[in-house]
Structures are given as C-alpha cells and as structure tokens.
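Written below as structure tokens is the structure these notes are about.
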C-alpha cells in the first residue's frame, strides 16, 4: 500500500471527500515527521515505534580505489515492528 492507497481506504472507511482524506493523511505524516525531527519517539501501540538513531562518524574505504573516505556522523529514523503486527503477519 502506498500513500494514495491509504487516502482511498480512509475516504471509503470514513465516508469523507478525497481532499479531506488526503489532508488527514498529510497532517498525520507531517506530525510524525515533526516529532522525529525534534527528537521525539513516535509510538503506535501494536503497530510500530519509530525513533531516531545517532550514528558516529568513521573512516570508510572507497570500494573502487581503496582510498580512505571520511563518513560524517548522521541521524537516521529506525522502525521497530510491534508485537501484534509481527504476530498478525506471521499468521497470514
């Protein structure tokens, strides 16, 4: 399922216009993104939790030339599946 599929499902389930459904989905994703940017954790019980992991910088190697390359520190979102979602997918 992609974003437009989610909008369509919300539109049908809530019996609202496509524009309103799209606005709700956009608002949800924006709120989740804003929370992650500020360092907060997003947790949807039974489905998933998303948080930001800090990765330290290190010296890597260019695989083509073998020359050392400095990899800068970064922050990346990390998705952790919820217990109920794991069980539901496993039973399918």
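Each value in this text was obtained by applying a stated rule to the coordinates, not by laboratory testing. No experiment lies behind these values; they were computed from the predicted model shown. Please note: Cβ atoms are built from the backbone with ideal geometry, for glycine as well, and neighbour counts cover all protein chains shown.
Numbers below:
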read-out: Ordering of 4-10, 34-40, 84-90 by burial proxy (mean other Cβ atoms within 10 Å per residue, highest first); value: 4-10, 34-40, 84-90
read-out: Descending semi-axes in Å of region 1-40, equivalent ellipsoid built from Cα gyration tensor; value: 23, 10, 7
read-out: Spatial extent of the chain: Rg and Dmax, with the Cα atoms as the point set, Å; value: 19.0, 59
read-out: Estimated [θ] at 222 nm from DSSP helical runs (n ≥ 4, -39500 (n - 2.57)) normalised by residues in the chain, nearest 500; value: -14500 deg cm²/dmol
read-out: Computed lengthening from residue 53 to residue 83, 0.36 nm per intervening residue step minus Cα-Cα distance; value: 8.7 nm
read-out: Cα-only Debye scattering, region 49-92: base-10 log of I(q)/I(0) at q = 0.17 Å⁻¹; value: -0.66
read-out: Cα-based helix-to-principal-axis angle, 18-37 vs the chain, degrees rounded to 10; value: 30 degrees
read-out: Using alpha-carbon coordinates, inclination of helix 3-14 to the longest axis of the chain, degrees; value: 30 degrees
read-out: Peptide ranges 47-60, 65-78 listed from the most packed, as the mean C-beta count within 10 angstrom indicates; value: 47-60, 65-78
read-out: Sites residue 33 and residue 8, calculated FRET efficiency, Cβ-Cβ separation with R0 25 Å, nearest 0.05; value: 0.70
read-out: Proxy reagent accessibility, fewest Cβ within 10 Å first, across 27, 32, 1; value: 1, 27, 32
